[in-house]
Structures are given as C-alpha cells and as structure tokens.
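Comments concern the structure below.
The values are calculated or read from the model by the stated rules, or taken from the named source; none is laboratory data. Given the structure is predicted, the values throughout are model-derived calculations rather than measurements. Cβ placement follows ideal geometry from the backbone for every residue including glycine, while neighbour counts extend to all protein chains displayed. When the accessible area is computed, the model is the full protein with side chains, heavy atoms only, and any ligands, DNA or RNA have been set aside. Shrake-Rupley method; radii C 1.70, N 1.55, O 1.52, S 1.80 Å.
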Amino acid sequence: MSAVLHAEPQCNPLGGGATTVDWDRLAGGLVLSPGGAGQSITRHRPLRLNRLLHGQAADQLPGLLAAIFALCGHAHRHTARLAIAAARGFKATPGAQDMMALRAQTAREHVRRILMEWPLPAAADRAAAAKALSSCPLLCESDMAASLQHLPRWLERYVLAMPPQEWLRELGKGGERWLALWCEQTLTPAAAALGAAREHSQRLVVPAIPLRLHGNTAMQQKLASALASHDADADIESRIALLVNKGRDTGPWARERDGDRIRYDNAWMRMASRLDDLVRLSLPGAEGAAWLCSGSAVTGPAEGLAWTEMARGLLVHWVRLQDDRVAQCQVLAPTDWNFHPEGPLAAAVASLPGDYTGAEDARLMAAAFDPCVPVRLQLQEVLSHA
C-alpha cells in the first residue's frame with residue numbers, strides 16, 4: 001500500500017504539535033480512529049483546489065491537474081479533457097490511444113501494488129517478486145501496445161501460474177473459496193501475499209454497493225448538483241454526504257462492466273480485486289481494451305461532468321466555465337468516496353475496538369481500500385487513559 005500508516009494516539013492530526021506524517025499540501029491526509037468515540041475517519045485538506053484553479057484558461061486545466069496529481073496524471077488529464085468538452089456543450093469520445101494509455105497505466109499501478117507493496121511472508125517470496133518486477137513488460141518496455149501484448153504471458157509465468165483466461169474462469173465459478181485454494185496451491189509472490197493476508201482480513205466485512213455513473217443520468221445530475229454548491233469553500237465531504245450515505249464506494253471491485261459477478265464484501269476480497277482487475281486488463285482484443293469505462297455529461301450551462309475508471313476506482317471531475325476560463329472545478333477521487341466520514345468504511349472502523357487490535361484491523365481495511373494520501377491511526381482507548 002502506498003499510504004504510510006502510523007499509530008500515534010497522542011498526536012493532534014489537525015494542527016498544534018509536531019507530527020511524523022507530512023500531509024500533502026493538496027491531498028492532505030487521513031486519520032482513522034477505531035473505537036466508536038467521535039468521528040472514525042477525519043480528512044485534513046490544507047489547500048482548496050478550487051481556489052488554485054479559478055481563472056485558469058480551460059485548455060490549461062488538463063495539464064495542471066496532471067501535474068498536481070502526478071501519480072495518476074494520465075487519468076486526470078484524460079478526465080479533465082472530457083469535462084471541459086462537456087462544459088463547452090458537447091460530449092467528446094475517448095480516443096483509442098487515450099484508453100490504451102489508461103489501461104497500461106492502471107495495469108502498471110496494480111503490478112506495483114501487488115509485487116512491491118503487498119506484504120510478503122518470506123525472503124524467497126521477496127526475491128521472486130523482485131525478479132518478476134525486473135521482467136514485467138509494463139515496467140521495462142516503452143511501447144504501450146507491445147507491453148500489453150506481452151502482459152498475459154508474463155502474468156502466466158510470474159503471477160498466476162496458469163493462463164489468465166483460465167484463472168478468470170475458475171474465479172468466476174468458485175469465487176472466494178476457489179481463490180483461497182489457489183493461494184494455497186500456487187508458488188508465486190502474489191499468491192503468497194494474498195494467502196498470508198486471508199485469515200485476518202477475510203473476517204473484516206464491509207458491504208459493497210458499487211458507485212457507477214455510466215448511463216445513470218439521475219446519479220450524474222445528483223453528483224453534479226452536489227459539486228456545484230454555491231459555497232465554494234464547502235468541503236467535498238459535506239457536498240457528497242447524502243450520496244455516500246447510501247453505502248456506495250468505488251474500487252477495482254466496482255467496475256461498470258463487471259455486473260457484480262463476484263462478491264467483494266470483505267477486506268480480503270477488496271484486496272484480491274486488484275489482481276482480478278489486472279488480469280482483465282491483460283486480456284487480448286476488445287475484452288481487455290474495453291474493460292475500463294470513461295464518459296462525460298453536459299450537466300448545465302457551461303458545466304460538464306466526466307468520469308474515468310482508474311486503479312483505485314472512479315475518478316470524477318466537474319467543471320464550470322466562464323469566458324472559457326475555469327469558474328469552478330471539483331475533483332472527486334476514489335479516496336473521497338471510500339474514506340468519507342459517513343461512508344460504509346467509516347461505520348466499519350467505528351465498530352472496531354479502540355485498542356491496538358482495532359488499530360491493526362483498521363490498518364488492514366485501509367490497505368484494502370488503498371487511499372491515495374497518508375493515513376494515521378489514532379487509538380481512542382489509549383487517549384482515554386492518557
């Protein structure tokens with residue numbers, strides 16, 4: 001997991017005193033507080049993106065957002081282009097090259113997560129992961145088309161120990177039970193990491209109601225209305241509270257084209273969904289090329305909404321133009337949904353004990369939902385006796 005997790009019960013996350021977490025100046029950070037006393041998830045946002053982008057030329061917005069959110073820059077550039085086109089009154093069709101780049105970038109991020117950040121139980125597994133990474137076509141080839149073409153064979157050899165189509169077929173038939181058996185019988189780093197995490201994280205239940213926008217005009221309009229609040233300083237959390245309160249979240253387990261094929265209702269299966277997504281992205285022809293969904297909608301005069309499925313889930317941009325300059329701009333990242341203080345993950349964290357056992361469970365849940373910002377754990381039980 002890319003986020004840094006600390007258990008520092010006596011540190012105030014919102015200012016006043018030193019902290020070992022360097023909050024990102026735009027994305028901020030998260031504090032998880034298991035134990036049910038007060039808010040279980042707090043998000044700290046030092047700067048307002050809307051203020052930073054106000055008045056910028058519309059054509060400059062994609063490049064600015066790609067630079068600000070460099071880790072997933074292509075997805076932001078792509079989504080901003082669609083949102084601007086919608087604000088200008090027409091729906092742009094995502095180009096084949098753009099979608100290929102999105103596919104390659106998403107698959108690359110999954111590979112890095114699985115082989116670099118999933119905890120491996122033994123030194124031999126870590127050595128095998130390093131060897132697999134060194135030969136991954138997504139990391140060692142500059143030609144996107146060629147790297148995607150070579151990806152299935154690499155997955156078969158270093159990750160799945162079986163052809164990708166066969167792996168997906170067996171997963172579709174056997175679900176969670178088959179996946180556990182695969183982990184036990186397969187000698188690859190991905191299987192070892194996933195198997196090691198199963199016993200603890202499988203019991204951490206978080207109901208899944210996927211957030212999907214494509215073809216859902218009512219949801220598009222509700223979301224655009226929430227983001228278009230006249231209070232430019234209002235937090236994203238307050239704007240989308242009603243929608244999140246319906247229990248929706250997003251991630252590789254909530255793809256538009258998946259159709260709820262498999263239940264991803266615990267932390268272990270949320271973790272496994274990244275491997276499932278990677279395998280689907282590797283499929284040849286239209287099946288792999290069309291797996292990720294992206295679209296846009298004109299939501300009002302000079303207003304546009306756009307969305308793109310990326311590694312962590314659904315990325316949403318909303319923009320309002322005035323004289324072809326940015327009057328308002330809102331970015332809704334997967335972390336904004338999944339770590340919302342009124343969302344299903346927050347309820348699950350609140351139900352945990354406020355001790356170090358609860359902190360470990362909260363850490364596993366956070367890893368399964370994969371936030372894009374640093375995370376700190378704050379223990380209620382320790383605070384109450386401090």
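Can you list the lysines whose alpha carbon sits under 28 Å from that of Lys91, skipping same-chain ones fewer than 8 residues off?
Of all the lysines, those that pass the test against Lys91 - Cα under 28 Å, at least 8 places apart if same chain - are Lys222.
Calculate the dipole size of the chain relative to its Cα centre from +1 charges on Lys and Arg beta carbons and -1 charges on Asp and Glu beta carbons; express the result in debye to the nearest 20.
It works out to roughly 560 debye.
How much net charge surrounds Gln97 when only the other residues with a Cβ under 13 Å from the Cβ of Gln97 are counted, with Lys and Arg +1 and Asp and Glu -1? Show your work: numbers first, answer last.
Working: positive: Arg77, Arg81, Arg103; negative: Asp98, Asp143.
Taking every other residue near Gln97 into account, the sum is +1.
Toward the positive end of the charge dipole of the chain, about the Cα centre and with charges on Cβ (Lys, Arg +1; Asp, Glu -1), which of Ser147, Ala362, Val206 goes farthest?
Of the candidates, Ser147 comes out farthest on the positive side.
Gain in length, Cys140 to Glu117, computed as 0.36 nm per residue apart minus the alpha-carbon separation, to one decimal in nm?
6.4 nm is the gain from fully extending Cys140 to Glu117.
Pull out a ≥ b ≥ c, the square roots of the eigenvalues of the alpha-carbon gyration tensor of the range 44-96, then state rounded if a/c is under 1.5, prolate if not and a/b is larger than b/c, and oblate in the remaining case.
Oblate, since a/c reaches 1.5 and b/c is not below a/b.
Given an 8 Å cut-off on Cα distances and at least 6 residues of separation, report the relative contact order of the chain as a percent.
In percent, rounded to a whole number, it is 32.
If you build the Cα gyration tensor of the range 235-283 and take the root of 5 times each eigenvalue, what three semi-axes come out, in whole angstrom, biggest first?
They are 25, 12, 10 Å, listed largest first.
Using alpha carbon centroids, what distance separates the range 137-212 and the range 268-311, in Å?
Their Cα centres are 18 Å away from one another.
Per the 1.4 Å probe, what fraction of the accessible area of the range 112-173, in percent, lies on carbon and sulfur atoms?
51
When the accessible area of the range 201-279 is split by element with a 1.4 Å probe, what percent falls to carbon and sulfur? Intermediate results must be reported in sequence, preceding the final value.
Values: 1560 of 3150 Å².
Result for the range 201-279: 49 percent of the exposed heavy-atom area is carbon or sulfur.
When the Karplus curve 6.51 cos²θ - 1.76 cosθ + 1.60 is applied with θ = phi - 60°, which whole-Hz ³J(HN,Hα) does each residue of the range 284-297 get, with x for Gly and Pro?
Result, ordered by residue: x, x, 5, 4, x, 5, 9, 5, 7, 10, 8, x, 7, 8 Hz.
As an exercise, identify the trypsin sites (Lys or Arg not before Pro) in the range 54-150 lying in DSSP coil whose Cβ has no more than 16 other Cβ atoms within 10 Å.
Arg88, Lys91
Could you pull out every one of the aspartates and glutamates with an alpha carbon less than 14 Å from that of Lys173, ignoring same-chain neighbours closer than 8 positions?
The reachable aspartates and glutamates, counting only those whose Cα sits under 14 Å from Lys173, are Asp260, Asp276.
Compute, for the range 148-283, the length of the dipole vector about the Cα centre, with Cβ point charges of +1 (Lys, Arg) and -1 (Asp, Glu) only. Units Debye, rounded to 20.
360
Between Lys222 and Leu187, what is the spin-label point distance in nm, taking each point 7 Å from the Cα along the Cα→C-beta axis?
5.1
Averaged per residue, what accessible area in Å² does the chain show with a 1.4 Å probe, protein chains only? Please list the in-between numbers first.
Numbers: 16090 Å² over 386 residues.
Spelled out: the 1.4 Å probe surface of the chain, per residue, equals 42 Å².
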